[in-house]
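Asks: Got a structure here, written out as structure tokens. Questions coming.
The values are calculated or read from the model by the stated rules, or taken from the named source; none is laboratory data. Note that this is a predicted model, so its numbers are computed, not measured. For neighbour counting, all protein chains shown are included, and Cβ atoms are generated from backbone atoms with ideal geometry for every residue, glycine included.
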Amino acid sequence: MTPALQSHAVLALCRLAPVIPVLVIEEIDHAEPLAHALVEGGLPVLEVTLRTGCAIEAISAMAGVHGARVGAGTVLSAHDAERAKHAGAEFAVSPGATPALAAACTALDLPLLPGAATASEVMALLELGYRTMKFFPAGPAGGAPMLKALHGPLPQASFCPTGGVGLQNAGDYLSLPNVACVGGSWVAPAAMMRAGDWDGIRELAHAASKLPR
Ligand code: 3PG
């Protein structure tokens, strides 16, 4: 799958909801109830970060939840991309991008949302054929004003800003023409997962799903 087609597929996913939850799953038993809560709350597209021992298993479990569109996050290498694909991930997200990772996702038919934080990084991804990117780390890298500035010379790039985004500032990003959706961990706090507060997470997801854009 070419980078252009990968970006096309990722953009379609970004349009399904205003927020992609960024998930750090510590216990495999959390995976299914978490996916149900988020999907029922109105957030079907889920990014499971490969930062915990059960992440790969969690992707497989969540991919079986009706309505969930599950991808892998923190995909840093070709090996990560292979593991994610074999687990059933529908897409991959990376905080940055490397030629090796892009080549792996192209060979695996795994749509990649690659990260960029500067004009040069955006240009390098556009050169490869990617047009949908993760803007990371969104807050420290300049926030909504930075994306607004990038839109002038680089209007062909669309972004999913992630990193320091929450209910209070998501609207600043979502109102921009080059923002397709935002990503964030605020809809699935670790403490609520540990407490099994799936109703609370469903409510957080519901509030996020109603963000205007
Ligand atoms: C990530 O960890 O990939 C995201 O940056 C999540 O950032 P957040 O915790 O600030 O939402």
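Asks: Enumerate the pairs (first residue in the range 188-213 and over 15 Å from A17 (Cα atoms); second residue anywhere and small (G, A, S) and at pLDDT 95 or above) with beta-carbon separation below 6 Å, excluding pairs fewer than 6 apart on the same chain, so at least 6 apart or on different chains.
Replies: Matching pairs, first to second residue: M192/G200; W198/A37; I201/A37; I201/A188.
Asks: Just give me the residues in the range 20-49 being within 11 Å of the ligand (Cβ to nearest atom) and not in a strand (DSSP E or B), in sequence order.
Replies: Answer for the range 20-49, where residues must be within 11 Å of the ligand (Cβ to nearest atom) and not in a strand (DSSP E or B): just V24.
Asks: Return the residues of the range 26-40 that are under 14 Å from H66 (Cβ atoms) and out of contact with any strand residue (DSSP E or B) (no Cβ under 9 Å at 6 or more places or on another chain); say none if nothing qualifies.
Replies: Answer for the range 26-40, where residues must be under 14 Å from H66 (Cβ atoms) and out of contact with any strand residue (DSSP E or B) (no Cβ under 9 Å at 6 or more places or on another chain): E32, P33, H36, A37, E40.
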